[in-house]
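Below is one structure; the comments refer to it alone.
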Amino acid sequence: MAQTAERENDVIRGLRRSPAGHLADAFSQGSVSGEQGVTLREVPFLTMIGVRAAPGSAVWDRLGAVMGGLPERYGQVTGSGAGDGPGTEQGVSVLWLGPQEFLVIAADGPNALGGGAAGASLLGGLLDALAGDPGQVVDLSANRTTFELAGPSARAVLEKSCALDLHPREFTVGTAVNTQIGLIPAVLWKVDEAAFRIFPRASFADFLGRWLLDGMREYAAVEVP
Amino acid sequence: MLLFSCPNCGPRDETEFHYGGQAHVPYPKDADALTDKEWSEFLFYRDNTRGDFAERWVHSTGCRQWFNMLRDTVSYEIKAVYPMGGSRPDQPPATAAQTQQKGQQS
Ligand SMILES: [Zn+2]
């Protein structure tokens, strides 16, 4: 029975299409290497779990224990994967979205959402920790997709259409905020000195992907002396 | 573009916020007893102030939290940002009895 379920999950995994999957070729062709380079790719199917809990409550402590603490202030990221660099899919990160609202991000796979033994998954562990008390644990993996914008010109591309102060003295590595990029609501996470993860909702992924590609184009051109 | 100071996130573009109308409109204490006219006035009738106006805003593409703001409707100057349920900073705080009489916080 469990084996059948696992096999069915594998079939379903194979059938999934990511919101920006059709742009994969365009992303790799539009990526620029070199001193003023900037690359864009989609990191599809990351596990995302929406968590709500009141700071200081027993639920807060129990949920935090599962993931290595919940963030307590604007911009903060906690969890075992909080320091993940670009391209790594290790650990679990918890992003602050509001005083009582958080976004848990983890790798794709049965360890995150189940398919293995009940309660052994991250989602199962969080639901157990919630234990029906006031709060929320919801699988939101299909809500957003993940873009990774990296390279020396990544910040310059973002600054064209994001009003936040992205200078490193203000927007430090390990900061994640909910904001607008090109008027698209998106979560922006600075995972490294020159690497950002952007989480747009699935229906905005096509627009934002093409928008960022457009912003990257000038860096492919030979600089006029 | 106006910059609003969200109590949670700090200064952000006004396009990240949505308007929630006049603040401090108390829910009627006994809504069932109202006439249709009184009920419609509670639902739809709001002040049209020239000058300082207390209004509700939500940071919809940020922390998704509501707050109150005191804004000059002529100059658009933002005089104060204060929490939901707080009293207007330009008026003496209501006593506990007054607040109870007014009904639900707004
Ligand atoms: Zn905010």
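The values are calculated or read from the model by the stated rules, or taken from the named source; none is laboratory data. The structure displayed is predicted, hence computed values, not measured ones. For neighbour counting, all protein chains shown are included, and Cβ atoms are generated from backbone atoms with ideal geometry for every residue, glycine included. Each accessible area value is taken on the protein alone, full model and side chains, heavy atoms only, with ligands, DNA and RNA left out. Shrake-Rupley method; radii C 1.70, N 1.55, O 1.52, S 1.80 Å.
The largest-to-smallest principal axis extents of the Cα set in the protein assembly as shown are 66, 63, 36 Å.
The stretch between B:Met84 and B:Leu2 holds 27.4 nm of extra length on full extension. This uses 0.36 nm per residue minus the Cα-Cα distance. What shape does region A:147-225 have by the C-alpha gyration tensor, where a ≥ b ≥ c are the square roots of the eigenvalues, rounded means a/c under 1.5, and otherwise prolate means a/b greater than b/c and oblate the rest? Oblate, since a/c reaches 1.5 and b/c is not below a/b.
Per-residue ellipticity at 222 nm, computed for chain A from helices alone with -39500 (n - 2.57) per DSSP H run of at least four residues, works out to -7500 deg cm²/dmol. When +1 charges are put on Lys and Arg Cβ atoms and -1 charges on Asp and Glu Cβ atoms, the dipole computed for the protein assembly as shown relative to its Cα centre reaches about 220 debye. Taking 7 Å steps out from each Cα toward its Cβ at B:Tyr19 and B:Ser75 produces label points 2.0 nm apart. Under a model in which nothing but the beta-carbon of Lys, Arg (+1) and Asp, Glu (-1) is charged, region B:3-105 shows a dipole of about 220 debye around its Cα centre. Between A:Gln29 and A:Thr172, the C-beta separation translates, for a Förster distance of 35 Å, into a calculated FRET efficiency of about 0.65. Here is the short version for chain B: B:Cys63 have no other Cys C-beta closer than 4.7 Å. With the charge dipole of the protein assembly as shown set up from +1 on Lys and Arg Cβ and -1 on Asp and Glu Cβ about the Cα centre, the Cα lying farthest toward the positive end among the listed residues A:Ala26, B:Tyr82, A:Asn9 is that of B:Tyr82.
Here's the picture: charge each Lys and Arg Cβ at +1 and each Asp and Glu Cβ at -1 in the protein assembly as shown, and of B:Asn48, B:His18, B:Trp66 the one pushed furthest to the positive end of that dipole is B:Asn48. Among A:Ser57, A:Ser153, A:Ser141, the largest mean-square fluctuation in a Gaussian network model of chain A (Cα springs under 10 Å) belongs to A:Ser57.
Round to a whole angstrom and tell me the spacing of the C-alpha centers of region A:162-177 and region A:1-58. Answer, in whole Å: 23.
Only one residue of A:Leu213, B:Ser5, A:Trp189 has its Cα farthest out toward the positive end of the dipole of the protein assembly as shown, where Lys and Arg carry +1 and Asp and Glu -1 on Cβ, and that residue is B:Ser5. Computed extension gain for A:Ala142 through A:Leu15, at 0.36 nm per residue and net of the alpha carbon distance, reaches 44.3 nm. Per residue, the average separation of C-alpha pairs within less than 8 Å and at least 6 apart gives chain B a relative contact order of 28 percent. For region A:42-78, applying the loop criterion from DSSP together with a ceiling of 13 other beta carbons within 10 Å to the trypsin sites (Lys or Arg not before Pro) yields A:Arg73.
If you plug the beta carbon distance of A:Arg210 and A:Glu8 into 1/(1 + (r/R0)^6) with R0 = 25 Å, you get a FRET efficiency near 0.10. Averaging 1/r across all pairs of distinct Cα atoms in region B:3-105 and inverting the result yields a Kirkwood radius of 15.0 Å.
Interface size, chains B and A: roughly 1000 Å² of accessible area buried, both sides included, 1.4 Å probe, rounded to the nearest 100.
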